[in-house]
Amino acid sequence: MGLSSNSNESIQLCIFDLRRGQHEGQELDKILFFFPSGLPFSKQLSVIGLSEGLITFTRIFSPEAACDSIEAERHSHVFHEPEPDIWMVMVVEKSNDSEPIWREDALRKVLKEIHSLFVMFHGSVRAMLEKEPGGGLVRRHLYSFIMDYLRACIKRSPWDDFCCDFLVGKKFLLPSFRDCLRERGTAQMLTINREAAIEVQSLVRVLESSAVNTPCHSLVLFQDLLVSTTLSPDDTINLFTYAVLRLTPRALSSGTSSWSYLRKGNIASNVVAETNVSSQNSMSESFYGSSDISHGDDNNYHVVRPLQSDKWSKGKDGYLVTDLWGAEVGTWVFATPTVLLQQTGERMYLCAYQHRSLTLMLLIPISSIPNGEQGVSAVKQQVLENASLKILKIEEKLSKGWGGENAYHVSGYRYLLVDGDRSASRASPATKVTTLAKESLLAMNKLRQEVELEKSRAKLEDHCCEKDLEVCIRAKNNAWVISRVTRGKELYMVLEKANETLLYASDAVEKFSNRYCDGTFSLD
């Protein structure tokens, strides 16, 4: 069916438009992106044709909700329709392990994150197709953006013993069972005391008042943790994700993703070598506009590449600068980055300021700054004059109260807390999760798959009612893996040193809930 078992094709990612290429001889028109792009077009069309057939077939039985995943003998197919008739599909080759190492929901969230970030910087795929119906514009933007995204998500773990691998070629890791105590698409929040919260709110008011008569928004981060936001949850997640990838002190200093996303383990079972990325033939290079991708533009299109690495730096005034958006016409002044807010559809200037571990992101409506970069510069100067002392004070206060990377470790527990209403999460530090046995992680991965299935069923049965849920599994190594879901909040926990009885494990969860979750997950 076009899905080879060759290791170079163990992961395939494609984006296509169901409204295009419906006539004989025009089939290539529907392809907007394909990874790896070096595959012959016949194989690319075979994968997309199979995906299109599965979507059409499942719509017969469920017109309002087409398939979101298909399990074949050798492959898993994960579907996402981010815009009407624009489909993203990930095809993953199954491993030889008895337990699945992938979780469909985790893979789908990768697709959702790619699309959300793309729209934040470039606008919708459909709008780009309407602007240039030939498809060249959107293909080039998608190719450069997604390849930069894959490189941005390369993981380097200081606990890996495979150092030589990084000298030969970087590896792209998909979310696997080792990430089952992580939740993509959420912000990791910093817990602060009341006094610090009042100081932060005061700073936010000063930031927003610095742009006179201009309704602006702000995000405040400490390290790689969110402190404050005035944006909608979706816009907050998009900007938080970008900040962690490219703007926070750790991202600027290391050029890699933060400690929040590091993991340990044998990477052989879930990697795609980046050397495969560069194996395009001349036809696919021309089709996707990738023949000169390193320069970011060609004779036809200028492509802004916001996820390119090592393109941000800290200026003398504390503001972060980049040349990714080019320069203002007729000057050598770097153009201020812009983003599109999902909630309002308004395009905003993005100004980022950093003092030690504190990162501030100020978003100013483009429509409110009639004189372009000169007006943005005036707002930035006003922020420095009004907020400098508050920024210094807050950074010092947060640093004194910060417990380090293990601040949220709870002895004896390995956990994940998810607040769906706030799109926030908190988890055991990655260094602690790596101490869990493989059997425990596989069991948790299986448990999360079961919980996601039950949540999907409940949503189909009753759109208005969220059911409470508790699932407990005894792993092969006798560890307990437990999940409790209630009122939009989820708790996942691994207890490897629990007693033989379920009662003991349940009591441990109750104690955790009462002490750290205000009793949210208690059964009383």
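The values are calculated or read from the model by the stated rules, or taken from the named source; none is laboratory data. These numbers come from a predicted model, not from an experiment. Neighbour counts are summed over all protein chains in view; Cβ atoms, including those assigned to glycine, are modelled from backbone coordinates with ideal geometry. All accessible areas refer to the heavy atoms of the entire protein, side chains included, with ligands and DNA or RNA removed. Shrake-Rupley method; radii C 1.70, N 1.55, O 1.52, S 1.80 Å.
For this structure, a couple of remarks:
- P(r) of the stretch 1-113 over all Cα-Cα pairs, binned every 10 Å from zero, in whole percent: 13, 48, 33, 5, 0
- Cα shape, the stretch 16-75, gyration tensor, a/c 1.5 rule: oblate
- Database remark: amide H of Arg414 closer than 5 angstrom to the amide H of Val494 (H placed geometrically; neighbours at sequence offset of 5 or more, or on other chains; Pro and chain starts carry no H).
- Thr344/Trp402 FRET efficiency (R0 22 Å; Cβ-Cβ; nearest 0.05): 0.05
- Surface exposure of the stretch 68-135, expressed per residue as accessible area with a 1.4 Å probe, stands at 39 Å².
- Whole-percent carbon and sulfur share, accessible surface of the stretch 414-514, 1.4 Å: 51
- Anisotropy class of the stretch 112-153 from Cα gyration tensor, a/c 1.5 cut: oblate
- When each of Lys131/Lys311; Lys438/Lys511; Lys432/Lys497; Lys112/Lys455; Lys459/Lys489; Lys94/Lys467 is checked by Cα-Cα distance, pairs over 20 Å: Lys131/Lys311; Lys438/Lys511; Lys94/Lys467
- Sulfur and carbon atoms: percent of accessible area, the stretch 348-402 [1.4 Å]: 49
- The mean accessible area for residues of the stretch 414-514, using a 1.4 Å probe and ignoring ligands and nucleic acids, is 51 Å² per residue.
- Distance-filtered residues of the stretch 489-513 - backbone nitrogen under 16 Å, label point 7 angstrom along Leu469 Cα→Cβ: 489-493
- Gap separating the Cα centres of the stretch 391-431 and the stretch 224-240, nearest whole Å: 15
- FRET efficiency for Leu523 and Asp234, using Cβ-Cβ distance with R0 set to 45 Å, rounded to 0.05: 0.85
- Gyration tensor verdict on the stretch 414-514 (Cα atoms; rounded if a/c is under 1.5, prolate if a/b is larger than b/c, oblate otherwise): prolate
- The fraction of accessible area contributed by carbon and sulfur in the stretch 40-131 is 54 percent, rounded to a whole number (1.4 Å probe; ligands and nucleic acids excluded).
- Across the stretch 60-72, rounded Karplus estimates of 3J(HN,Hα) from the backbone phi angles (6.51 cos²θ - 1.76 cosθ + 1.60, θ = phi - 60°) give 4, 8, 9, x, 7, 9, 5, 4, 10, 6, 9, 9, 9 Hz, Gly and Pro being marked x.
- Set of lysines with alpha-carbon distance to Lys393 below 26 Å, sequence-local pairs under 8 removed: Lys314, Lys316, Lys380
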